[in-house]
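What follows is one structure encoded as structure tokens, with my remarks underneath.
The values are calculated or read from the model by the stated rules, or taken from the named source; none is laboratory data. Since this is a predicted model, take the numbers as computed values, not measurements. A quick note on method: Cβ atoms are made from the backbone with ideal geometry, for glycine too, and the neighbour counts reach across all protein chains shown.
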Amino acid sequence: MRFNRLDLNLLTALDVLLTERSVTRAAERLNLTPSAVSSALARLRDYFDDELLVQVGRKMEPTPRAEGLHDAVRDVLVRIESTIAAQPAFDPAATDRTFRIFMSDYTQIVLMPHLLALAAQQRCCARFELLPQVANPQRNLERGEADLLVIPRGFLSADHPEELLYDEDFECVMWRESALAQGDFSFDRYSAAHHVVMQPPGTAGESFEGWSIRRYGISRSVAVQTFGFAMLPALVMGTEYVATVHARLARLFAQGWPLALRAPPFPLESMQQAMQWHKYRTQDPGLVWLRALMHRAVQRMDEPRA
């Protein structure tokens, strides 16, 4: 297919080249020979009358023109993939699709087992690639590198549709034998305690509960900082530390660990956990199925267990 003398197949090559910044790695991703990718780059340079990628030391760096093209090219490819190339129907028992979902380890623990169980009931053949949350996950959504984001509502993009999945409260978790777990757990004791906290990896931001606590003017004395939510209950064991943890996760760990759970001694607002997808993919049959399954998984997650 051509547009204004441009072979649109070259756009895929350009997107991969600008992502990998290497002819060799781009060739591996495109399943082409390096000479074929070099030829495609030469044709792109001729069309745009720009070097696009230039050798700087041992690396290839994009030119300003290429930097300006990258997001536009990705947008075109996402639109084509979600409309022209999209399958008209989705059969979970016959698909070879991979769903890429960005979510925290907390969500993987409390929600994903229920989604996978429901998918298994439908003999689902799809693969689920669970990806770690990173800084600005909306960019991954924009670039078509994520099918779904599952994150708190306050971190969603205003440019794409989203749906609420559930509300989540918080519990203060401490070792059951600690002095902190004895008696009234007051605001003063919370403020004076040493805390175990989660810092999102690779970002300068903070977790939802950290952001909410800071709004009350509380500056926590951090004894341990870790990169995942799932480690928080374990890291208070045998100590006088406290961790402020998602309530569902805290209750799950307390079933098998000697932990004490206490309500936060101040009105900590609930977290609204939501899912978001690219606006071009709203009618994608596979994502329609996945979103419906997410809601059913939430219902299953909160069903009373015998």
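When residue 162 is tested against (1) touching a helix residue (DSSP H, G or I) at 6+ places or on another chain (Cβ under 6 Å); (2) modelled with pLDDT of 90 or more; (3) among the charged types (D, E, K, R), just one condition goes unmet, and that condition is (1). Among the residues making up region 114-134, those that are in a loop (DSSP other than H, G, I, E, B) and either surrounded by 15 or more Cβ atoms within 10 Å (Cβ to Cβ) or of a type in the set (A, V, I, L, M, F, W, C) (or both) are 124, 125, 126, 132, 133, 134. Here residue 180 passes the criteria (1) touching an Asp or Glu at 6+ places or on another chain (Cβ under 6 Å); (2) part of a strand (DSSP E or B) except the one numbered (2). Where strands (runs of 3 or more DSSP E) fall entirely within region 216-268, those with at least 1 residues that are within 13 Å of residue 198 (Cβ to Cβ) and touching a residue at least 12 places away in the same chain (Cβ under 8 Å) are at 221-226, 241-246.
Scanning region 170-192 for residues that are under 18 Å from residue 214 (Cβ atoms) and either surrounded by 20 or more Cβ atoms within 10 Å (Cβ to Cβ) or modelled with pLDDT of 95 or more (or both) gives 170, 172, 190. What tally of residues in region 96-113 results from selecting those that are modelled with pLDDT of 95 or more and assigned to a loop (DSSP other than H, G, I, E, B)? Adding up the residues that qualify gives 1. Taken together, 297, 274 contain a single residue that is at pLDDT 95 or above and assigned to a helix (DSSP H, G or I), which is 297. If you go through region 77-95 and keep only what is modelled with pLDDT under 70, of a type in the set (S, T, N, Q) and in a loop (DSSP other than H, G, I, E, B), you end up with 83, 87.
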